[in-house]
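Encoded as structure tokens, the structure appears first; notes follow it.
The values are calculated or read from the model by the stated rules, or taken from the named source; none is laboratory data. None of these values were measured; they are calculated from a predicted model. Here the Cβ is made from the backbone with ideal geometry for all residues, glycine too, and neighbour counts use every protein chain on show.
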């Protein structure tokens, strides 16, 4: 009997605790990636983000008309979904190359791109664990102001948008009404 694969998807807005959770899962033996984002001012011990997912997510957001790392509102969900034909093969290859018996990934931008990524995860594992980190949007905005001098009200609005997208995805994925 073969052991069932375990997949861990970590989602949440920047500055919401996703790095802490990814670090805990990695310490527990979950393969988070071979090439992880290093430390910086806001996360000196590292972000625990698989750079292959980060780079692909940024390309998707750019193709959808957004500007990653800009402190602006992300592109709308339909614009991101419209990039599916351009990125479907790349997402499939990335997921297939990332899979280990116990693996996962974390990238705050995946809160926006998860509707494109999840079908490929389900091809590899029909029962992924989804972990979501929520933090009060006002506190996220304040944290973004300290880390990158982003207007805290702007950061708060972006955090609310991320949270709404995550909740919408979860309702659809779990078939909740």
(message) List pairs: first residue in segment 38-64 and without any contact (Cβ under 8 Å) to a residue 12 or more places away in the chain and at negative phi, second residue surrounded by fewer than 13 Cβ atoms within 10 Å (Cβ to Cβ) and outside any helix (DSSP H, G or I) anywhere in the structure, Cβ distance under 7 angstrom, at least six positions apart or on different chains.
(response) 39/45
(request) Would you check if residue 83 is touching a strand residue (DSSP E or B) at 6+ places or on another chain (Cβ under 9 Å), surrounded by 14 or more Cβ atoms within 10 Å (Cβ to Cβ) and within 21 Å of residue 170 (Cα to Cα)? (result) no
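Looking at residue 15, is it out of contact with any strand residue (DSSP E or B) (no Cβ under 8 Å at 6 or more places or on another chain), in contact (Cβ under 8 Å) with a residue 40 or more places away in the chain and crowded, with 17+ Cβ neighbours inside 10 Å?
Working: out of contact with any strand residue (DSSP E or B) (no Cβ under 8 Å at 6 or more places or on another chain): yes; in contact (Cβ under 8 Å) with a residue 40 or more places away in the chain: yes; crowded, with 17+ Cβ neighbours inside 10 Å: yes.
Answer is yes for this residue.
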(request) Please specify each residue of segment 153-166 satisfying the condition of being loosely packed, with under 14 Cβ neighbours inside 10 Å and either within 28 Å of residue 103 (Cβ to Cβ) or under 15 Å from the mean Cα position of the chain (by Cα) (or both). (result) 164
(message) List the residue pairs whose Cβ atoms are under 7 Å apart, where the first residue sits in segment 83-105 and is without any contact (Cβ under 8 Å) to a residue 40 or more places away in the chain, the second is not in a helix (DSSP H, G or I), and the two are 6 or more positions apart or on different chains.
(response) 83/64
(message) I'd like the full set of residues that are free of Cβ contacts under 8 Å to residues at least 60 places away in the same chain, under 23 Å from residue 163 (Cβ atoms) and in contact with a strand residue (DSSP E or B) (Cβ under 8 Å, 6 or more places away or on another chain), limited to segment 21-35.
(response) none
(request) Name the single residue, out of those in segment 130-152 being modelled with pLDDT under 95 and exposed (fewer than 15 other Cβ atoms within 10 Å of the Cβ), that is farthest from residue 73 (Cα to Cα). (result) 146
(message) Could you go through segment 160-169 and let me know if any residue there is modelled with pLDDT of 95 or more, farther than 20 Å from residue 94 by Cβ, assigned to a helix (DSSP H, G or I) and in contact with a strand residue (DSSP E or B) (Cβ under 8 Å, 6 or more places away or on another chain).
(response) yes
(request) Would you point out the residue of segment 36-54, among those that are out of contact with any strand residue (DSSP E or B) (no Cβ under 7 Å at 6 or more places or on another chain) and more than 27 Å from residue 156 (Cβ to Cβ), that is modelled with the highest pLDDT? (result) 52
